[in-house]
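Only one structure is covered here, and it is reproduced in the block below.
The values are calculated or read from the model by the stated rules, or taken from the named source; none is laboratory data. The shown structure was predicted, so the numbers you read here are calculated from the model rather than taken from an experiment. Methodologically, a virtual Cβ is constructed for each residue, glycine included, from the backbone with ideal geometry; neighbour enumeration extends over all protein chains shown. These area figures cover heavy atoms from the full protein model, side chains too; ligands, DNA and RNA do not enter into them. Shrake-Rupley method; radii C 1.70, N 1.55, O 1.52, S 1.80 Å.
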Amino acid sequence: MWGRLSGNGRRGAGWAPRAAVWWRGEGHAHLHPGQVLALVLVAALWGGTQPLLKRASSRLQQVHERTWVRQLLQEMKTLFLNTEYLMPFFLNQCGSLLYYLTLASTDLTLAVPISNSLAVVFTLIVGKLLGEDIGGKLTKDSWNKPTHVFLVLLK
């Protein structure tokens, strides 16, 4: 991870992280196809289960108990005995376990953006398939907002 470098990029003068010698091709992270597949699967498990968890949790019955301990236990019982909630929750947790295992062999600076951005895409796709309103309706004012943002950034 660390190597001795001279001023011209050769080893020998001072200590610097090897990632700092980008012109020699060292320090660049590469993902193997298995790692990419694992991160896409993580994103699918996370993003695909979010709309299902949202739908299942909105249909749960409200429980009211006198003490917070009994309330917590009753809510846990309600959640974990409901298969409509439990199956997406279990798949979501499998995605978290796979993510944890994948991080052992994957560069963090690549794993986090890949899995999180793809999870958003999967959430939108599954949400749309379930009939959720995901927004994005075009109106005549829709074109004005990006134009205004662009003009402000030009200044």
Subject >> Qualifying positions in segment 29-44 - buried (at least 16 other Cβ atoms within 10 Å of the Cβ) and over 19 Å from L97 (Cβ atoms) >> reply: L31
**OP:** Return the pairs, sorted by first residue and then second, in which the second residue is among the hydrophobic types (A, V, I, L, M, F, W, C) and surrounded by 14 or more Cβ atoms within 10 Å (Cβ to Cβ), the first residue lies in segment 86-103 and is at negative phi and without any contact (Cβ under 8 Å) to a residue 12 or more places away in the chain, the beta carbons are less than 7 Å apart, and the residues are 6+ apart or on different chains.
**Re:** L103/A111
**OP:** From the list R55, R70, pick out the single residue that is at pLDDT 85 or above, out of contact with any Lys or Arg (no Cβ under 9 Å at 6 or more places or on another chain), open to solvent by less than 90 Å² (accessible area, probe 1.4 Å) and assigned to a helix (DSSP H, G or I).
**Re:** R55
Original post:
How many of the residues in segment 97-116 are surrounded by 13 or more Cβ atoms within 10 Å (Cβ to Cβ), assigned to a helix (DSSP H, G or I) and not aromatic (F, W, Y)?
Top reply: 9
Subject >> Contacts under 8 angstrom Cβ, first residue in segment 48-63 being under 19 Å from T123 (Cβ atoms), partner among the hydroxyl-bearing types (S, T, Y) and surrounded by 13 or more Cβ atoms within 10 Å (Cβ to Cβ), 6 or more apart >> reply: G48/T123; Q50/T123; P51/T123; L53/Y85; A56/Y85; S57/Y85
